[in-house]
Amino acid sequence: MAQFQARVFVTLRPSVLDPAGVAVQAGIHHLGYTNVQSVRIGKVVELNLEARDRATAEAQLTQIADQLLANPVIETFRIEVQELAAAAG
Amino acid sequence: MSRTLNVGIVVFPGSNCDRDVAYVTSEILRWPTQLLWHEETNLSDYDLIVLPGGFSFGDYLRCGAIARFSPIMAAVKDHAAAGKWVLGICNGFQILTEAKLLPGALVRNQHLHFICDRVYLRLEAKERPWLQAYGDKTVIRLPIAHGEGCYYADVATLAELEANRQILFRYADAQGNVTPDSNPNGSLNNIAGICNPAGNVLGMMPHPERAADPALSHSPSDHTLDGLQLFKSLLNAAVG
């Protein structure tokens, strides 16, 4: 078994309004950066897991993201997986 | 013939309108009522299952996202599949969409405010059982209290909801006009409540249980009992 560290990025679909993003954009404009044209806010979920190999880890993470971390009706997700160095034995 | 319905009200960690619903069904309507911890798995005794308002599991991740995995939810799905009544109010509506018992999703209110108010609703699809006790009424007023009540669904789903007459309540003005100004949260098509195609599962953001106590009512015309009619409608539908 190998150790993996994963990050799941969850973002609203482009068709869904992000009022919080719009509010933050207004704040950025008040800060003076009027060149910022859009802001969308999402979530990052960090997970540590044990799996046989990278493909298994990715398959499990995709299921977790699809069933719980993201709601496919309003959100999309992207997964990054990194294998951690095996613990010294 | 029985003149009552057996009501089960699901209590998730973080539910906070469970007792309000129980007060209405038990104390006002005198229906047998049971509060059901979310780990219960046998719902065979109940005609109506209510998923109440509140903040189940702290609304962490998304409203209703974690409650969907509570042990009781498999039984709620079976209950719904058997054609029995399921009513999701506010957080309960959010849970029903997360559980895919109703289409679409509820997202952050368009103007970001948590809204606590009373709003006018136009009754749609009045042939549906849930609206049978409203008689000639076409506009009612119910309390709302939510931060994530903006109904969203893709274009195809919205068209399906309209075509199947699954929209039961739309935010409107006092005359029943459905306008952008009467939409408190940015819900698409001013949607405040929808049912499944069969009509036995209803989700709604307004709180019928908060407009149901005759002790708080001055006259039938003041809308203070507009929520009670929803529950009474089911009795009409169930026992004829």
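The values are calculated or read from the model by the stated rules, or taken from the named source; none is laboratory data. Keep in mind that this is a model prediction, so the values were computed, not measured. Reconstructed Cβ throughout: ideal geometry from the backbone, glycine too, with neighbour counts over all protein chains shown.
Within 23 Å of B:Leu225 (Cα to Cα) and touching a strand residue (DSSP E or B) at 6+ places or on another chain (Cβ under 8 Å): which single residue out of B:Leu36, B:Leu101, B:Leu51 fits that description? Give the steps one after another, and end with the answer.
On the way: B:Leu36 fails: within 23 Å of B:Leu225 (Cα to Cα); B:Leu101 fails: within 23 Å of B:Leu225 (Cα to Cα).
Result of the check over B:Leu36, B:Leu101, B:Leu51: B:Leu51.
Which strands (runs of 3 or more DSSP E) sit wholly inside the stretch B:82-187 and have at least 1 residues that are without any contact (Cβ under 8 Å) to a residue 40 or more places away in the chain and away from chain A (no Cβ under 14 Å)? Reasoning before the result, please.
On the way: elements: B:85-89, B:105-107, B:115-123, B:139-146, B:150-152, B:167-172.
So the answer is B:115-123, B:139-146.
Results for (1) closer than 17 Å to B:Leu131 by Cα; (2) of a type in the set (Phe, Trp, Tyr); (3) in contact with a Ser or Thr (Cβ under 9 Å, 6 or more places away or on another chain), shown as yes or no for each residue.
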{"position": "B:Arg170", "(1), (2), (3)": "yes, no, yes"}
{"position": "B:Pro184", "(1), (2), (3)": "no, no, no"}
{"position": "B:Asn190", "(1), (2), (3)": "no, no, yes"}
{"position": "B:Ser219", "(1), (2), (3)": "no, no, no"}
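Let me confirm something: among B:Asp222, B:Asp173, B:Asp213, B:Asp181, which residue is among the charged types (D, E, K, R), surrounded by 15 or more Cβ atoms within 10 Å (Cβ to Cβ) and out of contact with any His (no Cβ under 9 Å at 6 or more places or on another chain)?
Values: B:Asp222 fails: surrounded by 15 or more Cβ atoms within 10 Å (Cβ to Cβ); B:Asp173 fails: surrounded by 15 or more Cβ atoms within 10 Å (Cβ to Cβ); B:Asp181 fails: surrounded by 15 or more Cβ atoms within 10 Å (Cβ to Cβ).
Answer to the check: B:Asp213.
Looking for something at pLDDT below 95 and among the aliphatic types (A, V, I, L, M) - is there at least one such residue anywhere in the stretch B:136-158?
Among the residues of the stretch B:136-158, not one is at pLDDT below 95 and among the aliphatic types (A, V, I, L, M), which makes the answer no.
Got a number for residues in the stretch B:56-66 being more than 20 Å from B:Ala80 (Cβ to Cβ) and part of a loop (DSSP other than H, G, I, E, B)? Even if it seems obvious, please write down each step before you answer.
Narrowing the stretch B:56-66 to residues more than 20 Å from B:Ala80 (Cβ to Cβ): B:57-62.
From the residues that got through so far, the ones that are part of a loop (DSSP other than H, G, I, E, B) too are B:60-62.
Counting residues in the stretch B:56-66 that are more than 20 Å from B:Ala80 (Cβ to Cβ) and part of a loop (DSSP other than H, G, I, E, B) gives 3.
So that you can scan it fast, the table gives a plain yes or no per residue for (1) touching a strand residue (DSSP E or B) at 6+ places or on another chain (Cβ under 6 Å); (2) within 12 Å of chain B (Cβ to nearest Cβ); (3) of a type in the set (D, E, K, R):
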site: A:Gly21; (1), (2), (3): no, yes, no
site: A:Thr34; (1), (2), (3): no, no, no
site: A:Leu47; (1), (2), (3): yes, no, no
site: A:Gln60; (1), (2), (3): no, no, no
site: A:Gln63; (1), (2), (3): no, no, no
site: A:Asp66; (1), (2), (3): no, no, yes
site: A:Ala70; (1), (2), (3): yes, yes, no
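Are any residues in the stretch B:79-117 surrounded by fewer than 17 Cβ atoms within 10 Å (Cβ to Cβ) and within 16 Å of the chain's Cα centre (by Cα), and if so, which ones?
Correct list: B:Lys100 only.
Among the residues in the stretch B:34-55, are any within 14 Å of chain A (Cβ to nearest Cβ), not basic (Lys, Arg) and not in a helix (DSSP H, G or I)?
No; the residues of the stretch B:34-55 include none that is within 14 Å of chain A (Cβ to nearest Cβ), not basic (Lys, Arg) and not in a helix (DSSP H, G or I).
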